[in-house]
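What follows is a single structure, written as structure tokens, with notes after it.
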Amino acid sequence: MPLETVSVIGGGAWGTALAQAAAMAGRSVTLVVRHGSQADEINEHHTNTRFLDAQALHASISATIDIQPADIVVLAVPAQSTRMMLSEIDPNYLAGRPVIVSAKGLETGTLERQSQIVLDMAPDAIPYVLSGPSFAADVAAGRPTAVTLAGDDASATSSLAAALAGPSFRPYAADDRIGVEIAGALKNIYALACGAVEGANLGASARAALLARGYSEMARMVVAMGGSASTLTGLAGLGDLTLTCTSTQSRNYQFGIALGQGRTVEAIIAAGAKLAEGVSTTPVAAELARSLDVDVPLIDAVNAVLTGRGTIQTIVAGLMSRPLKRED
């Protein structure tokens, strides 16, 4: 099938950035936004100032509040909103089309990955997962960014990646949809932990230790879910984990810093911070790990901090006193 037109559903920073990337790749792009005033701004001024300040948008991007037919559909809504968004779309509209999910998180209640939600709501859609080390501002500005696009059919995934590749945005095709999704969801949890270490002034060494142990823990979860540990050596694993756990541009890392300073989730949000995806994903991941009988001390530790059952100082001390054994 042709891959010339793209519909990006979700007009936040990341959705707008992905629309920009697709337009720079030569595709005809429609950005589906929530409010008519936002659509008017994009169409008339080629900016989306609420989410991307004064960043100029490609002139070929058109915005609308109505979902339009397209060869490629990209979902760019928060992880906990994916099912609700799909409930508003006729599943026949998505039948036989590549549907790319870009949210990174596990669904509360069902414990499902994002691509599983797509297949629940539109069984005849063809799900893909986009993940990797990337910030919306970088992608929208045309700064060099490499990501992973995972699907089930190698040839189709490669064709889709080629259709979205531009001079600065490079999606690399992969076939481990499970591994890419789990890595994308869990790295947000470890970013909360690393940010909390920073906020508590526990030092760069402690942060590096958490990052390394988080990588090992992530591998256990990926394998238990049926994915491949080798996926974690690439962009969707090590690349995204490193970026999210070390940069203050990361919403999860910023949220973690506030947690490390002793503030509660409620207080952080009341102060104006947006809820980070990792906050919702943490208890889901902890429950999923229990169901799989996977040892995840870091995820459990972050969950304790989020629920006020522990501080980052006592949790790091507890992790450092765990029994010594061969590193896996």
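The values are calculated or read from the model by the stated rules, or taken from the named source; none is laboratory data. Keep in mind it's a predicted model, so treat the numbers as computed, not measured. Ideal geometry is used to build each Cβ from the backbone, glycine not excepted, and the neighbour counts take in all protein chains shown. Heavy atoms of the whole protein, side chains included, go into the accessibility calculation; ligands, DNA and RNA do not. Shrake-Rupley method; radii C 1.70, N 1.55, O 1.52, S 1.80 Å.
What to note about this one:
- Values of log10 I(q)/I(0), in the order q = 0.11 Å⁻¹, for segment 55-154 under a Debye, Cα-only, solvent-free model: -0.37
- With coordinates expressed along the principal axes, the C-alpha atoms belonging to the chain extend over 56, 40, 35 Å, beginning with the largest.
- Comparing 86, 211, 306 in a Gaussian network model of the chain, where Cα atoms under 10 Å apart are tied by springs, the biggest mean-square fluctuation is seen for 86.
- For segment 120-137, 3J(HN,Hα) per residue [Karplus equation, 6.51 cos²θ - 1.76 cosθ + 1.60, θ = phi - 60°, Hz, x = Gly/Pro]: 4, 8, 9, x, 9, 6, 10, x, 9, 10, 10, 8, x, x, 7, 10, 4, 4
- FRET efficiency, 1/(1 + (r/R0)^6) with R0 35 Å, evaluated for residue 175 and residue 313 via beta carbons: 0.25
- Using a simple spin-label model with pseudo-atoms 7 Å out from Cα toward Cβ, residue 156 and residue 292 lie 2.5 nm apart.
- Zone of residue 60's modelled label, taken as backbone nitrogen in segment 17-33 under 12 Å from a point 7 Å along Cα→Cβ: 20-30
- Once the Cα-Cα distance is subtracted from the 0.36 nm per residue extended length, the residue 111 to residue 168 segment shows a gain of 17.1 nm.
- Scalar couplings 3J(HN,Hα) for segment 60-70, obtained by applying the Karplus form with A = 6.51, B = -1.76, C = 1.60 to θ = phi - 60°, are 7, 7, 10, 10, 8, 9, 10, 5, 10, x, 7 Hz; x denotes Gly and Pro.
- Sites residue 120 and residue 204 - FRET efficiency at Förster radius 35 Å, r taken between beta-carbons, to 0.05: 0.25
- At R0 = 30 Å, FRET efficiency that the Cβ-Cβ distance of residue 53 and residue 269 yields, to 0.05: 0.85
- Degrees, to the nearest 10: 251-260 long Cα axis against longest axis of the chain: 20 degrees
- Rg(Cα)/(2.2 N^0.38 Å) for segment 151-304, N = residue count: 1.09
- Accessible-area ranking of 24, 1, 225, largest first, probe 1.4 Å: 1, 24, 225
- Principal-axis tilt of helix 177-199 within the chain, Cα atoms, nearest 10 degrees: 50 degrees
- By the equivalent-ellipsoid construction on the alpha carbon gyration tensor, segment 266-310 comes out with semi-axes of 23, 11, 6 Å, ordered largest to smallest.
- For the chain, the longest principal axis of the C-alpha atoms and the axis of helix 154-164 are separated by about 70°.
- Exposure ranking of 104, 274 by accessible area [1.4 Å probe, largest first]: 274, 104
- Principal axes of segment 221-302: Cα extent on each, largest first, Å: 40, 28, 17
- In this label model, residue 87 and residue 46 are separated by 3.9 nm, measuring between points 7 Å along each Cα→Cβ vector.
- Inter-part distance where segment 171-221 and segment 224-271 are each reduced to a Cα centre, Å: 6 Å
- Put 282, 246, 231 in order of accessible area, highest first, and with a 1.4 Å probe you get 246, 231, 282.
- Computed log10 I(q)/I(0) for segment 5-94 at 0.23 Å⁻¹: -1.15, from the Debye equation with unit scatterers placed on every C-alpha and solvent omitted.
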